[in-house]
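The structure under discussion appears below in the form of C-alpha cells.
The values are calculated or read from the model by the stated rules, or taken from the named source; none is laboratory data. It should be emphasised that the depicted structure is a prediction, and the values quoted were computed from it without experimental measurement. Counting neighbours? That spans all protein chains shown, and the Cβs are built from the backbone with ideal geometry, glycine included. Accessible surface is based on the protein model in full, side chains and every heavy atom, while ligands, DNA and RNA are left aside. Shrake-Rupley method; radii C 1.70, N 1.55, O 1.52, S 1.80 Å.
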Amino acid sequence: MRRAPATAKLNLALVVGPRRDDGRHQITTVLQRLDLADRIAVEPAARLRVEGYPEDTLVRRALESLAAAVGVEPSWEARIWKRIPVAAGLGGGSSDAATALRLANDTLPQPLDLEALAAPAAGLGADVPFFLTAGPQLGEGTGTELSALELPQDYWVVLVLPRDVWKASTAAVYDDFDDRGAREGFDERRAALLEALARVRRPRDLAALPANDLAASPLSDELRRLGAFRADVSGAGPVVYGLFHHRRQAVAAERDLRGHGRTWITVPTWYG
C-alpha cells in the first residue's frame with residue numbers, strides 16, 4: 001500500500017467578493033500547509049473501497065474522478081486515518097482527496113502529469129488543487145487559480161476548535177456573508193491584501209494581512225493576549241489559529257486555552 005500524509009491548511013488571509021455567474025464567490029486567499037495531518041493509503045484492488053472513515057465522500061469521489069479521466073474502472077482500496085478535525089476550516093477532506101488522487105495516479109501505467117491531475121481535483125472542491133502543490137500559495141478566482149508565494153515558515157501555530165461551536169455549511173456561511181452586504185469593497189480589500197503580502201519578509205509581517213472576511217472569533221483576541229503576533233479564523237471556521245514566534249509561548253497558550261475546546265500545536269510545512 002502506498003501511504004502519504006494529508007496535511008491541514010490555514011487561510012492566513014481570506015478576502016471574499018461578489019458571487020460569480022457560476023454561483024461561486026470571487027476570493028483571494030493565502031494558503032499555508034500545516035504539519036498536522038491525516039494519513040492516506042491507496043493500493044490497486046478488484047473494486048473501489050474506502051475504509052477508516054465511514055463519513056468519507058471526497059476520497060471516493062476523487063478516485064472515481066481519476067478513473068473517469070483516464071478511462072478505467074475505479075479499482076483501488078483506500079484507507080483514511082483521521083487526525084484533522086472535520087468541517088473545521090482546515091481543509092482535511094480536501095487534503096485527503098488530493099492525497100488519494102496522487103497515490104492512485106502513481107499506480108497507473110501512464111500517470112497523469114500535475115496539470116492534467118489538477119482538472120479532476122478542481123471538480124472536487126476549491127481547496128483540492130492547492131494540496132497538489134508545494135509551499136504557500138495565493139489562491140484567486142474561486143481559490144483554484146494558484147500562484148506560489150515565498151513566505152516565512154519559522155513560527156509555531158496554536159489551533160483551537162471551540163467547544164460547542166458548530167460550523168454551518170460552507171454555503172450557509174457564504175450566504176450570511178452576502179446577507180451582510182460584506183462583498184462591497186472587494187477590490188479595495190484585495191488590493192490591501194496584496195500590498196501587505198508584498199511586504200512580508202519575517203513572520204511578524206504576517207500580522208499586517210487583513211482579517212478573514214467570512215468569520216471572526218473572540219478567541220482571536222485571547223490568542224493575541226497570550227502572545228500571538230497574528231490570530232484569526234481559518235477559512236469558514238470554526239477553528240481559530242494563533243501564530244507565535246517561540247515554542248514556549250505556543251505551549252503556554254495552548255495550555256491556557258484547553259478549557260475553550262480542543263487544541264493543537266503545529267508548525268508550517270512545505271509539502272504533504
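Hey, any idea what % of the chain's accessible area is carbon plus sulfur with a 1.4 Å probe?
48 percent
Once you keep just the Cα pairs under 8 angstrom separated by 6 or more residues, what percentage relative contact order results for the range 1-58?
Relative contact order comes out at 41 percent.
Can you tell me the equivalent ellipsoid semi-axes for the range 185-272? Use √(5λ) from the Cα gyration tensor, largest first, whole Å.
Taking √(5λ) for each eigenvalue gives 24, 16, 12 Å, largest first.
When Lys and Arg each count +1 and Asp and Glu each count -1, what net charge do the other residues less than 14 Å away from ARG224, Cβ to Cβ, add up to?
-1
Can you tell me the accessible area per residue over the range 117-160, all protein chains present, probe 1.4 angstrom, in square angstrom?
30 Å²
Pairing the Cα long axis of helix 186-198 with the longest principal axis of the chain, what angle in degrees results, from 0 to 90 and rounded to the nearest 10?
Helix 186-198 and the main axis of the chain meet at about 90 degrees.
Ignoring everything but the protein chains, give the 1.4 Å probe accessible area of THR29 in square angstrom, nearest 10.
Roughly 0 Å² of THR29 is accessible to a 1.4 Å probe.
Expected output is a single nm value to one decimal: the length gained when fully extending between ASP106 and VAL165, i.e. 0.36 nm times separation in residues minus the C-alpha distance. What is it?
Length difference between fully extended and current span is 17.3 nm.
Would you mind counting up the charge near ARG47? Only other residues with Cβ under 13 Å from its Cβ, with Lys and Arg at +1 and Asp and Glu at -1.
-3
Among the chymotrypsin sites (Phe, Trp or Tyr not before Pro) within the range 194-272, which fall in a DSSP loop and have no more than 15 other Cβ atoms within 10 Å of their own Cβ?
TRP270, TYR271
Quickly work out the HIS246-to-ALA134 label distance, labels modelled 7 Å from Cα along the C-beta direction, and quote it in nm with one decimal.
3.3 nm
Helix-only mean residue ellipticity at 222 nm, the chain, DSSP H runs n ≥ 4 weighted -39,500 (n - 2.57), per residue, nearest 500. What is it?
Mean residue ellipticity, 222 nm, calculated: -8500 deg cm²/dmol.
How big is the Rg/Rh ratio for the range 108-177, C-alpha atoms only, Rh by Kirkwood, two decimals?
Ratio of gyration radius to Kirkwood radius for the range 108-177: 1.06.
With all distinct Cα pairs included, what does the Kirkwood hydrodynamic radius of the chain come out to in Å, to one decimal, could you say?
Hydrodynamic radius (Kirkwood, Cα only) of the chain equals 19.1 Å.
Using square roots of five times the C-alpha gyration tensor eigenvalues, list the equivalent-ellipsoid semi-axes of the range 42-166 in whole Å, biggest first.
After scaling each eigenvalue by five and taking roots: 26, 20, 12 Å.
Give the angle, between 0 and 90 degrees and rounded to the nearest 10, that separates the Cα long axis of helix 170-179 from the longest principal axis of the Cα atoms of the chain.
40 degrees
Figure the gain on full extension for ASP35 and ASP221 (residue separation times 0.36 nm, minus the Cα-Cα span) and round it to one decimal in nm.
Extending this stretch completely gives an extra 64.5 nm.
Could you tell me how many degrees, from 0 to 90 and to the nearest 10, lie between the Cα long axis of helix 92-106 and the main elongation axis, the longest principal axis, of the Cα atoms of the chain?
Between the helix axis and the principal axis of the chain, the angle is about 40 degrees.
Label points 7 Å out from Cα along the Cβ direction at ASP176 and GLU145: separation in nm?
Inter-label distance under the simple model: 2.8 nm.
Ignoring solvent entirely, what values of log10 I(q)/I(0) come out of the Debye formula for the range 111-266 at 0.09, 0.10, 0.16, 0.21 Å⁻¹ when each Cα is a single scatterer?
Calculated log10 I(q)/I(0) at the listed q: -0.34, -0.42, -1.08, -1.45.
Can you pull out the GluC sites (Glu not before Pro) in the range 68-170 whose DSSP state is coil and whose Cβ has at most 12 other Cβ atoms within 10 Å?
GLU150
Given 37 °C and 0.692 mPa s, how large is the Stokes-Einstein diffusion coefficient of the range 186-233 in µm²/s, with Rh as the Kirkwood radius over Cα pairs?
For the chosen part, D equals 283 µm²/s.
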